[in-house]
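Novice: A single structure is presented below for examination.
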């Protein structure tokens, strides 16, 4: 699907649902389209909503880390990972917004990871999950983020689309009422295959449900550059505000998947993608600062 075809589809969606297109505007200058994801720095930033061997409960606060971004990376976009929030209560999010404003940062997206959300369980679990995600939509409004990223629910085989549509419909409608886009990423290899995401979005038929193309994640499905590039051709026409830039990512057994960033940026350009590119370094080595800088340099070269 090309960009023009998708624009036409989006207008048809809007007419069918009585919904308008998202109203956000995006910069055109290359550097202003770039952002730093906090996810690669999870061993350095305190995690509040999630604990694992890859996270830190005693590091910098999100505000402290955010304050270093302009000086260390010379960009002003930030993509704050939900576990790095101390809370999603309005008072805290307002204080976060004030801190970002003082630093000159703007939020490009909020990736939301919540292990407690079960959208394909009982009706009570589904309603609780939708309510939890709505709080992140409200946080996005306060932070002036164009969207949030959530995950496809785990469902019995053959029921993935039906379950996701049932759970996402009220959430997407809530996002539309707040002008917040709900993004689905090609992230988990089992539940978030590009083909599944595209099928869901076409079935949902809403301009407020979009894709988040990650440059490298689909390599975990098939370790094949051609497949990964086809995944990008499927996802970028349906993207709105956010894409994750990677040149490589680690897999099981210490294996690393690598992609051709130049080709993926070319695909994004061909599909007329206008949103942000967030650096989500997951490469070899232990220095996310050096890795992020390398991704920024490659991104600027491709967007020049």
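Novice: Evaluate the relative contact order of the chain (contact order divided by residue number), counting alpha-carbon pairs under 8 angstrom at least 6 apart; express in whole percent.
Specialist: Worked out over the chain, it gives 18 percent.
Novice: Please identify, among 202, 255, 269, the residue showing maximal mean-square fluctuation in a Gaussian network model of the chain using a 10 angstrom Cα cutoff.
Specialist: Judging by the Gaussian network model, the answer is 255.
Novice: Order these by the 10 Å Cβ neighbour count, fewest first: 171, 235.
Specialist: 171, 235
Novice: A follow-up question, please. Which value, to two decimals, describes the C-alpha radius of gyration of the range 3-303 once divided by 2.2 N^0.38 Å?
Specialist: Taking N as the residue count of the range 3-303, the ratio is 0.93.
Novice: Kirkwood hydrodynamic radius, computed over distinct alpha-carbon pairs, for the range 197-262: how many Å, to one decimal?
Specialist: 12.6 Å
Novice: Express in whole angstrom the spacing between the alpha-carbon centres of the range 191-240 and the range 290-304.
Specialist: Value for the Cα centre distance between the two parts: 23 Å.
Novice: Which one, 39, 174, 92, has the greatest fluctuation when you compute a Gaussian network model over the chain with C-alpha springs under 10 angstrom?
Specialist: Looking only at 39, 174, 92, the biggest GNM fluctuation is shown by 92.
Novice: Please report how far the C-alpha centroid of the range 66-94 lies from that of the range 134-186, rounded to the nearest whole angstrom.
Specialist: Each part reduced to its Cα centre gives a spacing of 21 Å.
Novice: Among 230, 124, which comes first, then next, by fewest other beta-carbon atoms within 10 Å?
Specialist: 124, 230
Throughout, read-outs are computed from the coordinates displayed, never taken from laboratory work. Note that the structure is a prediction, hence the values are computed from the model and not measured. Using ideal geometry, Cβ is built from the backbone for each residue, glycine included, and neighbour counts are taken over all protein chains shown.
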